[in-house]
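What follows is calculated from the coordinates using simple rules that are stated; it is not laboratory data. Note that the structure is predicted; figures quoted are calculated from it, not measured.
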Amino acid sequence: MEKIRRKNLIFDIEDIRRRLPHRFPFLLVDKIIEQKPGYCKGIKNVTINEWQFIGHFPQQAIMPGMLIAEAIAQTAAFVGPPPEEISKEEKESPPKESFLISMDVKFLHPVTVGDQMAMEVKFIKKIGKMNMFYAEVKVENMLVTKAKFTTMDIE
């Protein structure tokens with residue numbers, strides 16, 4: 001069967017599942033819609049079907065801040081060249097594992113069920129095995145979260 005491709009889609013959920021080791025309930029990126037060297041934009045649709053809304057909070061479902069932070073970190077895995085620019089050797093070799101080691105995050109507005117988080121991640125600099133990033137999360141063009149964070153490559 002031919003793969004269904006959507007307009008303005010760089011990585012679909014199957015591409016994301018190949019790149020990230022995360023699975024339900026901790027796969028928090030639905031698609032990557034923009035990518036260029038040092039930058040990417042990912043989307044997370046917030047739905048009532050997610051496990052965290054059982055108790056956070058019963059009166060009004062609010063996306064937990066730490067899951068927003070995790071979604072940002074997962075989006076960072078897609079900062080880099082688009083798939084068509086990755087060499088055959090890179091595609092066939094196991095992906096580099098990278099772990100979040102620090103994050104300074106500011107939550108400016110709550111994210112609720114029905115929202116679509118647009119996560120923009122920018123690469124700042126590399127120091128040895130450490131990678132520094134800046135991210136913003138917007139819902140309907142309103143800034144809801146911003147973060148500076150560092151990951152470390154593991155060989």
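Along the range 132-145 the Karplus relation, 6.51 cos²θ - 1.76 cosθ + 1.60 evaluated at θ = phi - 60°, assigns HN-Hα couplings of 10, 9, 10, 9, 10, 10, 10, 10, 6, 6, 9, 5, 10, 8 Hz to successive residues, with x for each Gly and Pro.
Summarising the amide proton neighbourhood of Thr112: residues at separation of 5 or more, or on other chains, whose placed amide H is nearer than 5 Å comprise Met63. Between 0 and 90 degrees, the angle of helix 65-76 with respect to the longest Cα principal axis of the chain falls at about 20 degrees. What the phi angles of the range 44-61 give under the Karplus curve with 6.51, -1.76 and 1.60, with θ = phi - 60°, is a coupling list of 10, 8, 8, 10, 5, 6, 7, 4, 5, 7, 4, x, 10, 10, x, 6, 8, 5 Hz, glycine and proline written as x. Relative to one another, the C-alpha centroids of the range 62-81 and the range 104-135 are positioned 6 Å apart. Here's how it looks for Ser98: its modeled amide H is under 5 Å from those of Ile154, which are all 5 or more places away or on a different chain. With all pairs of different C-alpha atoms in the average, the Kirkwood value for the hydrodynamic radius of the chain is 16.2 Å.
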